[in-house]
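Quick notes on the structure that follows.
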Amino acid sequence: ALPLASVAPKLAYIAARGSPSGLYAFACREPEWRLLEFVPAEEPVALTIHPDYRTLYVLHNVAIYRTLPRAYVSAYRLDSLSRKATMLGVQPLSLSATFPRHFAISPDGKFLIASAQGGGAYNLLPILEDGSIGRVCGIRKEVGCGPCVHSQHSAQPRAAFFTEIGNCILTIDQGTDTISILDAE
């Protein structure tokens, strides 16, 4: 067994909305967390890490990106030595896919799915070899409403998850009170 002092600390990434809005990176060694880096980011609402642990993805809770009604996802390369996050790129969601809430990566690390409450859509995006994100390659538009007219007047995709082997996607829509199983193809 290695002495505690020689064990590398684990890393934790936290998204913060408001002022300042961005990503906090911490080195974690029980019982303390030490701030390593703050990366400014517009309204981050969710984070996920690629299965190879080299890329961090950030979902941005916005209604407008580059003057169009859509949100976006950004990718950051995580340097294992410096522990710094370096921007790889940004990819917008489809038009009208605004105010996203959740996203997930396929077990093989080749796709990312985002649920956008505004616009009632799920967007599927490819993850490229370098960890950056390609253009939207699949869109599932939800329609309908739920029994509560005050809060369920339209579809509101809330979350999406890949199955363990990645052949299906489980989606949850709060606006229509539905759970769907989609073929990942």
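What stretch of the chain, leaving out the sites themselves, is the longest with no trypsin sites (Lys or Arg not before Pro) in a DSSP loop having at most 11 other Cβ atoms within 10 Å? It would help to have the intermediate numbers written out before the result.
Numbers: sites that count: 66, 135.
The longest uninterrupted stretch comes out as 67-134.
Pop a pseudo-label 7 angstrom from the Cα along the beta-carbon direction at both residue 10 and residue 141 and give the gap in nm to one decimal.
Taking the simple label geometry, residue 10 and residue 141 are separated by 4.3 nm.
Whole-Å semi-axes of region 113-169's equivalent ellipsoid, largest first, each the root of 5 times a Cα gyration tensor eigenvalue?
Equivalent-ellipsoid dimensions as semi-axes: 27, 13, 8 Å.
For region 56-106, take the alpha-carbon Rg, divide it by the Kirkwood Rh, and send me Rg/Rh.
Working: Rg = 12.5 Å, Rh = 11.8 Å.
Over the Cα atoms of region 56-106, Rg/Rh equals 1.06.
Two decimals, Cα atoms only, Kirkwood Rh: what is Rg/Rh over the chain?
Details: Rg = 17.7 Å, Rh = 17.4 Å.
That ratio equals 1.02.
Per residue, how big is the convex hull of region 45-85 when only Cα atoms are used? Give it in Å³.
Details: hull volume 2.7 nm³, N = 41.
Hull volume over Cα atoms, normalised by residue count, gives 65 Å³.
With N set to the number of residues, divide the alpha-carbon radius of gyration of region 65-149 by 2.2 N^0.38 Å and report two decimals.
So the Cα radius of gyration is 1.23 times the expected 2.2 N^0.38 Å.
Quote the charge dipole size of the chain about the Cα centre in Debye, to the nearest 20; the model charges only the Cβ of Lys and Arg (+1) and of Asp and Glu (-1). Please list the in-between numbers first.
Details: 16 positive and 16 negative charges, 89 e Å.
With only Lys, Arg, Asp and Glu charged at Cβ, the dipole is about 420 debye.
What is the chain's relative contact order, in percent, from Cα pairs under 8 angstrom and six or more apart in sequence? Don't skip to the end; give the middle numbers.
On the way: 489 pairs, mean separation 22.4, N = 185.
That works out to 12 percent.
Please give the solvent-accessible surface of residue 35 in Å², to the nearest 10, using a probe radius of 1.4 Å with every protein chain present.
So the heavy atoms of residue 35 present about 90 Å² to solvent.
Percent of alpha carbon pairs in region 23-115 separated by more than 23 Å?
On the way: 1204 of 4278 pairs.
The proportion of pairs with Cα distances above 23 Å equals 28 percent.
The values are calculated or read from the model by the stated rules, or taken from the named source; none is laboratory data. Just so you know, these numbers come straight off a predicted model, no measurement behind them. Positions of Cβ are generated from backbone atoms using ideal geometry, with glycine treated the same way; all protein chains shown enter the neighbour counts. For the accessible areas, the whole protein counts, side chains as well, though only heavy atoms, and no ligand, DNA or RNA atoms are used. Shrake-Rupley method; radii C 1.70, N 1.55, O 1.52, S 1.80 Å.
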